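Taking it in order: structure first as structure tokens, then the write-up.
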Amino acid sequence: MKKIFILLASAFLYTAASAQTTWTVDKAHSNVKFTVTHLLVNDVDGTFKTYDATIVAAKPDFSDAKVAFTVQTASVSTDNDYRDNHLKSADFFDVANKPTITFTSTGITKTSDKHYAVTGNLTLAGVTKPVTFDLWYRGTIQNPMSKADDAGFQLTGTIKRADFGFGSKFGSAMLSDEVTIKANGEFAKAK
């Protein structure tokens, strides 16, 4: 009986120690941005206004984190209505038929203190490809307003339009093939 109790207690402690915690994005303190070079000489920035993201981890340093996000393509904004409407058309995001961009991580590797390489599947313009992003874990604090734990992250990386057949009518002399992604996120620990 004593052995059974010890085994059950050990199993309980292991389960409690490895419990997954979900962190949800605080959209008031987060953003999703991209940059593309126009005519080889000027960077044009854009944002997505509507998105959702979660991070699930058991370890306090997030070295086992699973990252997932979804962006609504119709929410693209470059502060230019004409360009935004063109980006929403079938030439680019085709928001009527491809309303989301998604990313689901498949692995994470520590590269330096608080920095990780996050690999996963990115779906853009209906095409899914493996990509790797850099994830910087900026720390965890207790939010003075909510009294809940908040964690900060910055995700950066570069993708190639050609890999996704995105904006294929427009060559690299018009728009760079490389698109830089940068997302800053403040995530609240689920209660």
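Quick notes on this one:
- Count of region 72-105 residues which are part of a loop (DSSP other than H, G, I, E, B) and either open to solvent by 50 Å² or more (accessible area, probe 1.4 Å) or among the small types (Gly, Ala, Ser) (or both): 8
- Cross-chain or 6+ apart pairs with Cβ under 6 Å, region 173-184 first and among the polar types (S, T, N, Q), then open to solvent by less than 30 Å² (accessible area, probe 1.4 Å) and assigned to a strand (DSSP E or B): 176/36
- Within region 30-43, the set of residues being open to solvent by less than 30 Å² (accessible area, probe 1.4 Å) and either part of a loop (DSSP other than H, G, I, E, B) or among the hydroxyl-bearing types (Ser, Thr, Tyr) (or both) comprises just one member, 30.
- Check on residue 107, in contact with a Lys or Arg (Cβ under 6 Å, 6 or more places away or on another chain) and either farther than 18 Å from residue 22 by Cβ or touching a residue at least 60 places away in the same chain (Cβ under 8 Å) (or both): no
- Beta carbons closer than 7 Å, at least 6 apart along the sequence or on distinct chains, never pair a first residue in region 129-150 that is closer than 30 Å to residue 165 by Cα and among the small types (Gly, Ala, Ser) with a second that is open to solvent by 100 Å² or more (accessible area, probe 1.4 Å) and at pLDDT 95 or above.
- Qualifying residues in region 114-149 (those that are within 14 Å of residue 64 (Cα to Cα) and not small (Gly, Ala, Ser)) - the one farthest from the chain's Cα centre (by Cα): 114
- A search for C-beta distances below 8 Å between a residue of region 44-60 that is closer than 27 Å to residue 74 by Cβ and open to solvent by less than 30 Å² (accessible area, probe 1.4 Å) and any residue that is small (Gly, Ala, Ser) and in a loop (DSSP other than H, G, I, E, B), counting only pairs 6+ apart in sequence or on different chains, returns 53/30; 55/65.
The values are calculated or read from the model by the stated rules, or taken from the named source; none is laboratory data. The structure displayed is predicted, hence computed values, not measured ones. As a convention, Cβ positions derive from the backbone with ideal geometry for all residues, glycine included, and neighbour counts pool all protein chains shown. Note: accessible area is taken over every heavy atom of the protein model, side chains too, but ligands, DNA and RNA are not part of it. Shrake-Rupley method; radii C 1.70, N 1.55, O 1.52, S 1.80 Å.
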